Amino acid sequence: MSELYNELKQSVIDGNQQGAKDLVNKLLAQGEEAKAIIDNALITAMDIVGDKFQNQEFFIPELLVAARAMEGCLSILQPLLAASDVNPAGIFVVGTVKGDLHDIGKNLVNMMCEGAGFEIIDIGFNADPEKFVEAIKEHQPDVVGMSAMLTTTMRAMAHTIKAIEEAGLRDRVKIMVGGAPVDAAFSERIGADGYGSNAPSGTELAKKFVGAA
């Protein structure tokens, strides 16, 4: 069984979507539980991918194909998790802030956090502060993630945090920010709880926020 798990991990790391899905189905046919497959193969694989990205052994294309392979596996496993009432690692509301139409970075964070066991509530791009507030009220997330890829839209992060504060919701969530022009100093200045420089570091931060790292 451990050999199948190792094969699945390697298939995800290599971005072999069909091979990874075939191995998931094989493990399920042999009686393995969905949560065990996620914990023992998918999360481990994406941790390795994240480390390779941080060490500049992998770049965005490799990160993306691995995340897609993992996502294909989750498409098989998530209905089984839902049927067995397995609780997610946490609920993660994420969006690109008002005025910004970029979503590749956000989508990568989504895929990696989903692989880490989070339930993802993606409110899309060009999301105004009120949309974040409404998503927090409706979904009661543990973590809120905001992305901005333009210096001109960074200020929308501060406006969004202010709106969350004014709605009386700030102490209910951890807020993380990221995107090309964002840095740790800016994150601290606007009152966020943390900053992710890329998808792997953002995923690690989200895991820390919920005590899963």
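The values are calculated or read from the model by the stated rules, or taken from the named source; none is laboratory data. Just so it is clear, the model here is predicted, and its values are computed rather than measured. A quick note on method: Cβ atoms are made from the backbone with ideal geometry, for glycine too, and the neighbour counts reach across all protein chains shown. Ligands, DNA and RNA are stripped out before the accessible areas are found, and what is left, the full protein with its side chains, is counted by its heavy atoms. Shrake-Rupley method; radii C 1.70, N 1.55, O 1.52, S 1.80 Å.
For the reader, a short list of remarks on this structure follows.
- Qualifying residue in segment 76-91 (condition: of a type outside the set (S, T, N, Q), in contact (Cβ under 8 Å) with a residue 60 or more places away in the chain and more than 20 Å from M149 (Cβ to Cβ)): yes
- Residue within segment 108-120 that is in a helix (DSSP H, G or I) and either out of contact with any helix residue (DSSP H, G or I) (no Cβ under 8 Å at 6 or more places or on another chain) or at pLDDT 95 or above (or both) present: yes
- Residue within segment 18-29 that is aliphatic (A, V, I, L, M), open to solvent by 40 Å² or more (accessible area, probe 1.4 Å) and assigned to a helix (DSSP H, G or I) present: yes
- Qualifying residues in segment 161-206 (those that are in a helix (DSSP H, G or I), small (G, A, S) and within 23 Å of T44 (Cα to Cα)) - the one most open to solvent (accessible area, probe 1.4 Å): S201
- Single unsatisfied condition, A41 versus (1) touching a Phe, Trp or Tyr at 6+ places or on another chain (Cβ under 8 Å); (2) closer than 29 Å to P181 by Cβ; (3) part of a helix (DSSP H, G or I): (2)
- Which numbered condition F58 misses (of (1) within 24 Å of V144 (Cβ to Cβ); (2) not in a helix (DSSP H, G or I)): (1)
- Meets criteria (at pLDDT 95 or above, open to solvent by 20 Å² or more (accessible area, probe 1.4 Å), among the aliphatic types (A, V, I, L, M) and in contact with a Gly (Cβ under 8 Å, 6 or more places away or on another chain)) for A158: yes
- Residues within segment 134-155 that are in a loop (DSSP other than H, G, I, E, B) and open to solvent by 70 Å² or more (accessible area, probe 1.4 Å), tallied: 4
- Boolean, P88 is of a type outside the set (G, A, S), open to solvent by 10 Å² or more (accessible area, probe 1.4 Å) and assigned to a helix (DSSP H, G or I): no
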